[in-house]
Amino acid sequence: MSCCAPGAEMALDLVSATSVLPSSQEIRLASRSLGDDLRQTDLSVPTVHCGACIQTIETALGKLDHVEAVRVNLSTKRVSVRWRGDEVPPFVTVLEGLGYQAHLFEAEIDAKDKTLSDLIRAVAVAGFAAGNIMLLSVSVWSGAEGATRDLFHWVSALIAIPALAFAGGIFFRSAWNALRHGRMNMDVPIAVGVSLAYAMSLYETITHGDHAYFDASVSLLFFLLIG
């Protein structure tokens, strides 16, 4: 699966619109005492969904004063921070600066996948588009030429547009969020590859070229979303 599992940017928009960053007092009250002046704070970070995200967060928070350990759970999108002292380290502010909105982890609320329905719809759109474009591509591969080939390419281009906008938007938003905060994730090369494949195919279509790769760009999104 891509870095930053699809759906993360939709989750980011939801969190940004509905959540206020917890205060230091709220964080302290929600933290668990582990004894020996050691506390653990569990945060929900919906936009965590890949190895690069984990490394970025654990490295950044691990450098803060009084932070003893940081662990990111990818499946629950939870960040656990162990820290000492009377003053709460600014890990929420650091996460926000990295582009990760965070709120206090609540098991009953965060057990529900808020983006599952959006991801299912994205899979359906990408799968429908990929299947239809494949059918048109088979006709081209079978020997369609001239105006017939160009027509199939144009129809494929039109089918691919909503798939790239809706299903691909998940990856594009994640890639833009990473670049906007001065970092990279695996969605960046995915977004670049899909965009270049579509752009090159559109150029080939406009210039009456023999080959177009609309099926490849949409199928890639479909298989990534399944993952």
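Nothing in this text is a laboratory measurement; each read-out follows from the coordinates by a stated rule. Small disclaimer: the values here were computed from a predicted structure and weren't measured. Note that we place each Cβ from the backbone using ideal geometry, even for glycine, and neighbour counts take in every protein chain shown.
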Over region 116-226, relative contact order from alpha-carbon pairs under 8 Å, at least 6 apart, %: 35
- prompt: By per-residue mean of other Cβ atoms within 10 Å, what is the highest-first order of 160-167, 25-32?
  reply: 160-167, 25-32
field: Protection-proxy order for peptides 41-48, 187-194, each taking the mean of Cβ atoms within 10 Å per residue, highest first
entry: 41-48, 187-194
message: About the Cα centre, and with charges only on the beta carbon of Lys, Arg (+1) and Asp, Glu (-1), how big is the dipole of the chain? Nearest 20 debye, please.
response: 140
statement: Taking Cα atoms only, helix 8-18 is inclined relative to the longest principal axis of the chain by an angle, in degrees rounded to 10, of 50
- prompt: Label points 7 Å out from Cα along the Cβ direction at LEU29 and LYS63: separation in nm?
  reply: 3.3
field: Relative contact order of the chain, defined on C-alpha pairs under 8 angstrom at six or more residues apart (%)
entry: 23
query: Which FRET efficiency, nearest 0.05, do HIS181 and ILE161 yield, Cβ-Cβ r, R0 30 Å?
result: 0.60
query: region 116-226: D in µm²/s via Stokes-Einstein (Kirkwood Rh, Cα pairs, 10 °C, 1.306 mPa s)?
result: 111
